[in-house]
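Please read the structure below before turning to the comments.
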Amino acid sequence: MEISEDSTLVDFDADDALAAARRVGDGAVNLAIEYTPDEFHTLYADELTMSLYGDDPEEMRDHFEEVHSYVHVDFTERDLFSDLFRGAGGVRSFVTYMDHVVLVRVLVGQQGLFATCDPEADVTAIVEAIEDALD
């Protein structure tokens with residue numbers, strides 16, 4: 001089972017950004033979610049991701065609601081780094097490397113695109129593809 005839906009939540013072209021990431025990642029993007037401080041919407045979840053939830057979209061959504069309750073950290077952290085490193089420019093994205101997955105969050109104002117990738121993926125190229133699609 002796989003989920004693939006069109007963007008309905010954010011002002012930027014999340015569909016194009018996801019497509020660009022998936023072209024570069026060549027199957028390395030497992031999940032993509034568009035989000036605001038108040039809502040989230042799953043754009044893509046591959047079979048591997050769905051299997052983690054027993055192919056139950058509601059179980060997956062419940063977990064994502066828990067994760068989303070911390071989304072304010074993205075915007076707070078962006079503001080913190082922008083304030084602390086004034087000459088470095090604006091914060092555009094965050095990448096978190098874990099043992100079995102890489103978490104990517106690209107921010108556009110008060111909105112974002114969250115994606116998970118395989119740890120072996122060229123994550124920098126994926127982030128650049130997303131950012132290029134948003135320009």
Note to self: Restricting to region 1-29, give me the number of residues that are over 20 Å from Glu128 (Cβ atoms), acidic (Asp, Glu) and modelled with pLDDT of 95 or more.
What the structure shows: 3
Checklist line | Subset of region 41-59 (residues that are outside any loop (DSSP other than H, G, I, E, B) and over 21 Å from Asp6 (Cβ atoms)) | finding: Leu48, Ser51, Glu59
Next item on the list: Please state which of the following conditions His68 fails to meet, knowing it meets all the rest: (1) open to solvent by less than 40 Å² (accessible area, probe 1.4 Å); (2) at positive phi.
Entry: (2)
Margin query: Just the residues that are more than 14 Å from the chain's Cα centre (by Cα), surrounded by fewer than 19 Cβ atoms within 10 Å (Cβ to Cβ) and under 22 Å from Asp74 (Cα atoms), please, taken from region 12-60.
Written below: Asp38
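Yes or no, residue by residue, for (1) out of contact with any helix residue (DSSP H, G or I) (no Cβ under 7 Å at 6 or more places or on another chain); (2) at pLDDT below 95:
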| position | (1), (2) |
| --- | --- |
| Leu31 | no, no |
| Arg61 | yes, no |
| Tyr70 | yes, no |
| Gly89 | yes, yes |
| Gln111 | yes, no |
| Val123 | yes, no |
| Ala129 | no, no |
| Asp135 | yes, yes |
Checklist line | All positions within region 10-31 that are assigned to a loop (DSSP other than H, G, I, E, B) and either touching an Asp or Glu at 6+ places or on another chain (Cβ under 6 Å) or under 10 Å from Asp118 (Cα atoms) (or both) | finding: Val10, Gly27, Ala28
Check: Is there a residue in region 73-80 that is β-branched (Val, Ile, Thr), under 15 Å from the mean Cα position of the chain (by Cα) and surrounded by 13 or more Cβ atoms within 10 Å (Cβ to Cβ)?
Finding: no
Notebook entry, point to check: If you take the residues in region 93-125 that are closer than 20 Å to Phe64 by Cβ and not in a strand (DSSP E or B), which one is most open to solvent (accessible area, probe 1.4 Å)?
Noted result: His100
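The values are calculated or read from the model by the stated rules, or taken from the named source; none is laboratory data. In this text, all values refer to a predicted model and were calculated from it rather than measured experimentally. No Cβ is skipped: glycine too gets one built from the backbone with ideal geometry, and neighbour counts run over all protein chains shown. For accessibility, only protein heavy atoms count, side chains too; no ligands or nucleic acids. Shrake-Rupley method; radii C 1.70, N 1.55, O 1.52, S 1.80 Å.
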